[in-house]
Amino acid sequence: MRLPITAVLAAALSLALAGPAAAKAKPDPASFSFLATIDCGSGPVQVGSTDDIYAPLVSLSTGKKYTPVAWDVSAGDFNFVDATKGATKQHAVDCDYTDDWVAGTVTLKKF
């Protein structure tokens with residue numbers, strides 16, 4: 001009777017350990033509207049983003065998500081400045097942001 005219980009526990013444990021590894025799969029760059037580079041002080045990170053400016057920026061190499069709370073980007077004479085309601089610098093970090101259209105700063109929740 002002990003063998004089947006042990007086998008079930010071993011199978012459940014292997015599935016539990018495989019779950020987090022599968023969640024960190026590298027995202028497909030083609031699934032994003034924009035590909036960009038952010039630099040929060042520890043080197044450039046290639047990210048993908050969607051048309052929603054406050055949707056997470058997703059690292060193309062690790063799948064890690066970065067949450068934007070404010071933007072200050074420009075392209076020529078165009079300047080876009082916006083922040084989420086209640087956004088503060090207290091729990092945020094300013095990062096350089098560059099994509100094919102604009103460059104400037106994105107403020108992210110501390111990670």
Is there any pair with a first residue in the range 69-92 that is under 17 Å from SER49 (Cβ atoms) and a second that is in a loop (DSSP other than H, G, I, E, B) and at pLDDT below 95 whose Cβ atoms are under 6 Å apart and which are 6 or more apart or on different chains, and what are they? VAL69/THR84; VAL69/ALA87; ALA70/ALA87; ALA75/TRP101
Just wondering, is there one or more residues in the range 33-55 that are aromatic (Phe, Trp, Tyr), out of contact with any Pro (no Cβ under 9 Å at 6 or more places or on another chain), surrounded by 17 or more Cβ atoms within 10 Å (Cβ to Cβ) and at negative phi? no
Selected residue (only one of VAL73, VAL81 is of a type in the set (A, V, I, L, M), loosely packed, with under 14 Cβ neighbours inside 10 Å and at pLDDT 95 or above): VAL81
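Within the range 93-106, which residues are farther than 15 Å from LYS65 by Cβ and either in contact with an Asp or Glu (Cβ under 9 Å, 6 or more places away or on another chain) or surrounded by 14 or more Cβ atoms within 10 Å (Cβ to Cβ) (or both)?
Within the range 93-106, ASP94, ASP96, TYR97, THR98, ASP99, VAL102, ALA103, GLY104, THR105 qualify.
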For GLY63, all conditions in the list (1) buried (at least 17 other Cβ atoms within 10 Å of the Cβ); (2) on the phi > 0 side of the Ramachandran plot hold save one; what is the number of the exception? (1)
Looking only at residues that are over 17 Å from THR67 (Cα atoms) and touching a Gly at 6+ places or on another chain (Cβ under 8 Å) in the range 25-45, which one is modelled with the lowest pLDDT? ALA25
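Let's see how each residue does on (1) in contact with an Asp or Glu (Cβ under 9 Å, 6 or more places away or on another chain); (2) at pLDDT 95 or above; (3) within 19 Å of LYS110 (Cα to Cα):
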| residue | (1), (2), (3) |
| --- | --- |
| ALA16 | no, no, no |
| PRO20 | no, no, no |
| GLY48 | yes, yes, yes |
| ILE53 | yes, no, yes |
For the range 55-84 the number of residues that are over 18 Å from the mean Cα position of the chain (by Cα), of a type in the set (Gly, Ala, Ser) and more than 13 Å from VAL106 (Cβ to Cβ) is 2
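Looking only at residues that are among the aliphatic types (A, V, I, L, M) and touching a Lys or Arg at 6+ places or on another chain (Cβ under 8 Å) in the range 61-111, which one is farthest from GLY43 (Cα to Cα)? Even if it seems obvious, please write down each step before you answer.
Start the filter on the range 61-111 by keeping residues that are among the aliphatic types (A, V, I, L, M), which leaves 69-70, 73, 75, 81, 83, 87, 92-93, 102-103, 106, 108.
Still in the list and also touching a Lys or Arg at 6+ places or on another chain (Cβ under 8 Å): 69, 92-93.
Working: VAL69: 20, ALA92: 17, VAL93: 14 Å.
So, considering only residues that are among the aliphatic types (A, V, I, L, M) and touching a Lys or Arg at 6+ places or on another chain (Cβ under 8 Å), the one farthest from GLY43 (Cα to Cα) is VAL69.
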Conditions: (1) at pLDDT 95 or above; (2) over 15 Å from the mean Cα position of the chain (by Cα); (3) of a type in the set (A, V, I, L, M, F, W, C). ALA87 meets all but one. Number of the miss? (1)
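The values are calculated or read from the model by the stated rules, or taken from the named source; none is laboratory data. Source: prediction; values computed, not measured. Methodologically, a virtual Cβ is constructed for each residue, glycine included, from the backbone with ideal geometry; neighbour enumeration extends over all protein chains shown.
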